[in-house]
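Comments concern the structure below.
The values are calculated or read from the model by the stated rules, or taken from the named source; none is laboratory data. Bear in mind that the values here come from a model prediction, so they are computed numbers and not experimental data. Glycine gets a Cβ as well: all are built from the backbone with ideal geometry, and neighbour counts include every protein chain shown.
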Amino acid sequence: MRMFWIRTAFLGGLMLVWEVATRPIGGTTVIDPYYISSPLRIWEYLVEGLSTGRLLYDTAVTVAEAALGLVIGIITGLAVGLAFAFSRSLAEFGEPFMRGLNALPRVALAPLMLLWFGIGFAGKVFIAWSLVFFIVFYNTYTGARSIDPGIVNAAKVLGASRLQMVRMVVLPGVFTWVFAALRVSVSFALLGAIVGEFVGARAGLGYQLMLAQGHLNTDGVFAVLVIIAVLAIVLIELAREVEERLLKWRPATSL
Amino acid sequence: MSAGRPTGIAADGVRADGREPGESRPAADGVPSAATRHSATLTVRDFSIRFLSADREVRAVDAISCDISDGHINAIVGPSGCGKSTLLNAVADLLPPTAQLSGELAVRPGVKLGYVFQQDALLPWRTTLGNAEMGLEIAGIPRSERLQRLEKWLRITGLTDFADHYPHQLSGGMRQRVSLIRTLVCEPHLVLMDEPFGALDAQTRAVMQDEVLRIWRETRTTILLVTHDLAEAILLARRVFVMSRQPGRVIRVVDVELAEPRDVFETRVTPQFEALYKEVWQVLRDQFRSQAGNP
Ligand SMILES: Nc1ncnc2c1ncn2[C@@H]1O[C@H](COP(=O)(O)OP(=O)(O)OP(=O)(O)O)[C@@H](O)[C@H]1O
Ligand SMILES: [Mg+2]
């Protein structure tokens with residue numbers, strides 16, 4: 001609790017210094033707010049943008065893009081990862097391709113995104129998906145291969161069919177890995193959506209960021225950054241909550 | 001005669017083995033013949049297992065013969081690496097494809113197998129109850145009946161209050177008990193146990209041995225127990241098979257005639273127990289000697 005007040009005081013102090021530094025003192029300012037804005041100006045921009053609904057709309061668009069990319073990424077990543085885990089020949093055949101595709105910097109897909117999907121919603125989902133897919137794929141594949149053979153044997157002796165084996169042993173084992181990577185997946189989905197919006201869009205936080213920058217509007221840039229930061233924190237905390245709920249059977253390791 | 005791989009185990013855990021029970025005949029290589037019955041739960045004749053890898057071949061089990069008769073606890077003791085676990089895995093059809101089998105290994109048709117592993121092999125994401133009910137769930141038994149059947153077992157093993165604990169919240173002895181009831185609640189006819197208490201301290205171990213004896217008296221299920229612990233073998237088993245060092249063969253079969261009902265704590269201090277212990281130890285010690293002298 002004490003730490004909370006120390007942190008609050010630190011942050012408040014920082015804001016105060018920032019604000020004062022951008023105020024004219026005896027005709028000169030320490031730093032021109034044109035470059036670094038100021039807390040009050042950012043606040044005003046935020047209040048205005050949110051109350052007119054414009055920034056709210058952009059936030060919703062970005063969240064929707066990231067969420068859809070996340071969900072599709074998890075489903076496809078799980079499916080392909082399981083297929084690789086179950087079929088040795090598929091894994092042998094496909095592994096180099098997966099590695100190659102995953103090595104590709106995803107921003108490089110942006111021109112393709114524009115060609116295929118235009119500057120609308122779907123392209124951003126595509127970029128978010130392309131990031132989440134590989135995280136989930138690799139976690140599924142590794143998770144399935146690292147399932148304790150002792151557990152598999154135990155289920156076999158208890159008479160488990162192939163389907164029961166998947167349901168009781170393989171999927172829970174794989175989910176452990178996938179959910180442990182949920183926070184990373186969420187932040188990558190957000191990253192993908194925003195990067196997609198940079199490249200070409202008509203809405204979204206990334207689009208607003210580019211717009212503000214184009215108008216040399218530092219207040220706007222900072223305001224959108226604040227929204228993105230808050231959004232990221234909320235989403236990642238949400239993911240942590242889900243993760244903890246689903247993986248509550250795990251012992252807490254402390255080193 | 002070459003059996004190749006033994007036939008698989010059907011989905012309900014019953015060995016789908018169309019083979020007729022092998023007729024009894026005196027076992028090979030001078031092994032004292034068991035009081036042979038016509039349909040032993042498990043018949044093993046001249047059975048060998050080799051592991052083939054690219055550059056070498058390991059003979060794990062060599063021309064082993066033994067009959068496991070109904071309703072008794074049987075124990076296998078032998079030096080480390082002599083193929084005890086491999087033999088149990090062959091019975092449960094869990095060997096990898098690199099294992100080459102020859103000879104005869106037959107589980108009587110209709111016999112339902114259970115296997116208690118050395119490591120408890122519990123699912124970490126299932127609670128005590130969730131783990132214990134796995135076999136029943138697989139068999140398609142409805143949840144209410146599963147709970148009803150498990151209640152008794154949880155009570156006997158003192159796990160009732162831990163039914164909703166996850167494995168990492170249990171002690172080693174408790175985990176092994178969960179593993180035990182997961183197997184026993186399915187009411188198998190033949191229970192394989194591979195050093196089930198090897199990882200436990202001496203006191204917990206004695207308590208668990210007592211529990212096995214009690215459960216066995218109640219169910220009279222056939223048990224094949226692999227152990228390092230001579231005293232454990234003699235205390236629990238009606239018959240002890242002593243194996244040689246690798247490649248393992250049965251070099252002695254000891255019938256254990258001790259006053260029934262046995263008691264883990266009382267029986268241990270009787271002169272009969274000591275005499276048997278000495279007898280088996282002598283046989284085993286020779287194995288370790290030849291191992292030490294000939295690495
Ligand atoms: N999958 C395998 N591939 C190759 N060799 C194997 C395999 N499994 C077991 N072996 C070999 O077979 C022999 C018997 O192993 P096994 O595990 O059955 O011994 P054990 O009698 O159970 O020993 P312990 O008492 O130490 O558990 C060993 O030499 C081991 O190296
Ligand atoms: Mg072993």
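A few comments on the model shown:
- Elements of type helices (runs of 4 or more DSSP H) in segment A:129-220, at least 2 residues being within 14 Å of chain B (Cβ to nearest Cβ): A:149-157, A:162-165, A:171-180
- Considering residues of segment B:84-102 that are among the small types (Gly, Ala, Ser) and under 13 Å from the mean Cα position of the chain (by Cα) only, the residue nearest to ligand 1 (Cβ to nearest atom): B:SER85
- Of the listed requirements (1) within 26 Å of A:VAL166 (Cβ to Cβ); (2) in contact with an Asp or Glu (Cβ under 9 Å, 6 or more places away or on another chain), A:TRP129 misses just one: (2).
- Residues of segment B:45-78 satisfying the condition of being touching a strand residue (DSSP E or B) at 6+ places or on another chain (Cβ under 7 Å) and not in a strand (DSSP E or B): B:ASP70, B:GLY71, B:HIS72, B:GLY78
- Residue that is farthest from ligand 2 (Cβ to nearest atom) [pool: residues in segment B:182-200 that are more than 8 Å from B:VAL116 (Cα to Cα) and touching a Leu at 6+ places or on another chain (Cβ under 8 Å)]: B:VAL185
- Contact map, segment B:143-161: residues that are closer than 17 Å to B:GLN176 by Cβ paired with residues that are part of a loop (DSSP other than H, G, I, E, B) and modelled with pLDDT of 90 or more, Cβ distance under 7 Å, separation 6+ or inter-chain. Pairs shown: B:LEU150/B:GLU133; B:LEU150/B:VAL185; B:TRP153/B:VAL185; B:LEU154/B:ALA163.
- Residue that is farthest from ligand 2 (Cβ to nearest atom), among those in segment B:79-110 that are in contact with a Lys or Arg (Cβ under 6 Å, 6 or more places away or on another chain) and not in a strand (DSSP E or B): B:PRO79
- Close contacts from segment B:71-91, counting a first residue that is within 14 Å of chain A (Cβ to nearest Cβ) and a second that is near ligand 2 (Cβ under 9 Å from one of its atoms), with Cβ to Cβ under 7 Å and a gap of 6+ residues or different chains, come to B:SER85/B:ASP194; B:SER85/B:VAL226; B:LEU88/B:ASP194; B:LEU88/B:VAL226.
- Members of segment B:136-158 found to be within 21 Å of A:LEU158 (Cα to Cα), surrounded by 14 or more Cβ atoms within 10 Å (Cβ to Cβ) and not charged (D, E, K, R), listed by number: B:LEU136, B:ILE138, B:ALA139, B:ILE141, B:LEU147, B:LEU150, B:TRP153, B:LEU154, B:THR157
- Residue in segment B:127-143 that is away from chain A (no Cβ under 14 Å) and over 16 Å from the mean Cα position of the chain (by Cα) present: yes
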